[in-house]
Amino acid sequence: MAGKKMITETKAKIIEIKEEAKEIRTFTLQLEKKIDYNPGEFIFVWFPEQPEIKRAYSIAGYSKDNLMKLTIQKVEEGKFTTELFNAKKGKEIIVKGSFGSMKYEGEKKIVMLAAGTGIAPFMGFMDYFKTMKCPEKAYLFYSFKHPNKKVDLTEHLKGIKCMEIILTCPKAGKECIQWNGLKEYIDAKVMKRFIPNLNEFTFFLCGSHKLVEEVTNTLIEEGIPEEKIKHEKF
């Protein structure tokens, strides 16, 4: 995964739409041209008839036969997601990429933190681990605001032996009252309960600006060098 990064703009068609959770869908696109992809990166997408409305989304999977997956949450009154969620199979879309600094580069021990649809790039990680090579050890902390907003990762995790997943629904109030699992916001101290040797790992964080910055600060306080913390914010 080394060398000069190639950026490609290509036409694509929606060939499959999967309902993942409430107002969250995975769109499978058939691309006309190959892109230079590393797990953790993102692309820009737009409809050819609306080139002024561009959006960036993490890649949730990309296969050798040019199939790309994007896992997207509908935004209330959002121009692009409203159009996308009304789209049918066969709809044409333009893709440009890939971009980003949160790419997986073969690190042997990794910790991933996903908040909400920040799970998307790590779905791409899991697909990569299945087809290429799994790291020595991987942990995924996946946080969601409501159990009905949780993407089911069962199929993605099949056959992956190097990975442990920790789920949490930390939002106060009725949203998480039916959730029997962890209900804490994830930071370095919570991670240490599951991973005592944090300093041996590289960290990948994907979530809101606030969450990523707060977790990054707690990791630095624990002695993790900034260069071992990769992230994407939205």
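The values are calculated or read from the model by the stated rules, or taken from the named source; none is laboratory data. All values reported here derive from a predicted model rather than from experimental measurement. Counting neighbours? That spans all protein chains shown, and the Cβs are built from the backbone with ideal geometry, glycine included.
What to note about this one:
- Residue among Gly116, Gly78 that is under 19 Å from Arg55 (Cα atoms), surrounded by 16 or more Cβ atoms within 10 Å (Cβ to Cβ) and not hydrophobic (A, V, I, L, M, F, W, C): Gly116
- Only one entry of Gly124, Gly116 meets the criterion of being among the small types (Gly, Ala, Ser), modelled with pLDDT of 95 or more and touching a Ser or Thr at 6+ places or on another chain (Cβ under 9 Å), and that entry is Gly124.
- Of all residues making up region 38-76, the number that are in a loop (DSSP other than H, G, I, E, B) and of a type in the set (Gly, Ala, Ser): 3
- The criterion of at least 3 residues that are free of Cβ contacts under 8 Å to residues at least 60 places away in the same chain and surrounded by 14 or more Cβ atoms within 10 Å (Cβ to Cβ) is met by the following helices (runs of 4 or more DSSP H) wholly inside region 130-234: 188-194, 209-221.
- Answer from Ala115, Ala60, Ala120 - the residue that is in contact (Cβ under 8 Å) with a residue 12 or more places away in the chain and assigned by TED's automatic domain parsing to the domain that holds Ile15: Ala60
- Residue match in region 191-205 (condition: more than 17 Å from the chain's Cα centre (by Cα), in the same structural domain as Met132 (by TED's automatic domain parsing) and over 26 Å from Glu105 (Cα atoms)): yes
Residues are listed down the side, and each one gets a yes or a no for (1) on the phi > 0 side of the Ramachandran plot; (2) under 13 Å from the mean Cα position of the chain (by Cα):
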residue: Met112; (1), (2): no, yes
residue: Leu140; (1), (2): no, yes
residue: Pro147; (1), (2): no, no
residue: Glu155; (1), (2): no, no
residue: Gly159; (1), (2): yes, no
residue: Cys162; (1), (2): no, no
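- Hits in region 146-177 - residues which are at pLDDT below 90 and charged (D, E, K, R): Lys171, Lys174, Glu175
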